1. For the chain, what does -39500 (n - 2.57) per DSSP helix run (n ≥ 4), summed and divided by total residues, give at 222 nm, in deg cm²/dmol to the nearest 500?
2. For the pair Glu59/Ala254, report the inter-label distance in nm, with labels modelled 7 Å from Cα in the Cβ direction.
3. Trypsin sites (Lys or Arg not before Pro) within region 154-253: which are DSSP loop residues with at most 14 other Cβ atoms inside 10 Å?
4. When DSSP beta bridges are limited to those with both residues in the chain, what percentage is antiparallel, rounded to the nearest 5?
5. Take the chain, connect every pair of alpha-carbon atoms lying under 10 Å apart with a spring to form a Gaussian network, then pick out the residue of Ala228, Ala252, Ala133 with the largest mean-square fluctuation.
6. How large, in Å, is the chain by the Kirkwood hydrodynamic radius built from its alpha-carbon pairs?
7. Could you please state how large a percent of the accessible area of region 191-340 is carbon and sulfur, counting protein chains only and using a 1.4 Å probe?
8. Among Ala294, Ala187, Ala89, which one moves the most in a GNM of the chain with springs linking Cα atoms closer than 10 Å?
Amino acid sequence: NPVVIASHRRLEDDTMKVLVTGGAGYIGSIASEVLLCKGYEVVVFDNLSQGHRAAVPDEAHWVQGDLASADEIQATIRAHQPDAVMHFAARSLVGQSMEQPFLYLRDNVVQGLNLMEVCVELGVPRFILSSTANLYGASDALLIDEQSPVVPGSPYGESKWMLERALHWLSETKGLRYACLRYFNAAGASKYRGEYRSLETHLIPLVLQAAAGQRSNITIFGDDYQTADGTCVRDYIHVLDLAEAHALALEALAFGNCTYNLGYGEGFSVREVIDAARRVTGVEIPTTLGHRRAGDPARLVASSQRIRDELGWTPSYANLDEIIASAWRWHQWHPDGYVD
């Protein structure tokens with residue numbers, strides 16, 4: 001396979017410039033950090049509705065702008081002339097998408113299409129979509145691979161699938177090269193950046209807030225699933241491994257389009273995550289039992305065998321305790337998150 005190259009050399013230019021949308025958010029800011037460390041030039045574009053200016057690396061070019069405005073996108077791309085776009089900017093709360101579907105079916109899709117249209121118009125040749133494994137819905141597969149049926153599990157998953165299909169047709173009709181990376185739960189932190197939201201819904205940061213005394217307990221939503229301990233099983237991927245995969249996918253576009261699932265091929269139950277957090281923090285984290293949440297499948301775990309085989313992606317942090325420990329260190333250093 002020509003994509004398997006030992007050096008993972010750059011596409012054409014060692015000083016390639018990448019526009020990172022949502023680069024003030026959790027994943028986008030750490031992806032920007034990794035790209036800068038690899039020698040790329042980075043332009044961060046974010047409206048700060050969910051992100052934090054303080055999360056943007058100092059070395060990145062900063063543009064405060066909104067994907068709802070084609071004019072702002074055009075001005076940014078004309079000014080900086082990126083060689084590629086990494087698109088992280090999106091609403092991403094599955095539960096919220098079930099309650100407010102238009103925020104996802106309209107905003108995520110229209111704003112993503114705005115970005116793609118300007119890229120095509122102004123000749124940006126490469127596009128990386130940070131997608132989601134939520135587009136597989138409630139799969140019965142032990143490990144979900146790229147051939148698994150696409151049945152989005154929420155309006156959020158549907159919005160990402162619509163953008164994936166748009167990229168397919170823009171490749172067919174306009175020659176835009178693209179990569180789609182699908183994953184479930186990013187977690188952990190780099191030395192300088194971590195996960196912080198004003199409205200937190202993700203399990204690991206919630207558990208760490210409880211360990212830090214910032215919330216009284218953790219609610220376990222159902223303990224009667226068909227899993228070993230009765231709680232839902234999910235896979236988690238360290239955000240640095242996730243960022244590395246995005247960089248590899250960018251390099252792979254020299255050879256054509258690609259779609260990859262990301263994960264470690266191993267899932268952990270809610271109780272296992274809480275127990276790991278207790279080990280890492282040394283705190284007895286209180287829990288309460290709640291009812292099942294609508295739409296929560298018992299098990300969702302992605303296979304990443306394709307990207308391992310084709311790009312040589314080798315995760316560096318495939319250990320739950322290590323993921324949580326990195327998040328805990330960042331949380332202790334930044335107990336109030338980012339101060340903008």
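The values are calculated or read from the model by the stated rules, or taken from the named source; none is laboratory data. Predicted, not measured: the structure shown is a model, and the values here were computed from it. Positions of Cβ are backbone-derived with ideal geometry, glycine not excepted, and every protein chain shown enters the neighbour counts. Ligands, DNA and RNA are stripped out before the accessible areas are found, and what is left, the full protein with its side chains, is counted by its heavy atoms. Shrake-Rupley method; radii C 1.70, N 1.55, O 1.52, S 1.80 Å.
1. It lands at -11000 deg cm²/dmol.
2. 2.1 nm
3. Listed in order of number, the matching sites are Lys191.
4. 5 percent
5. Ala228
6. 20.3 Å
7. Result for region 191-340: 46 percent of the exposed heavy-atom area is carbon or sulfur.
8. Ala294
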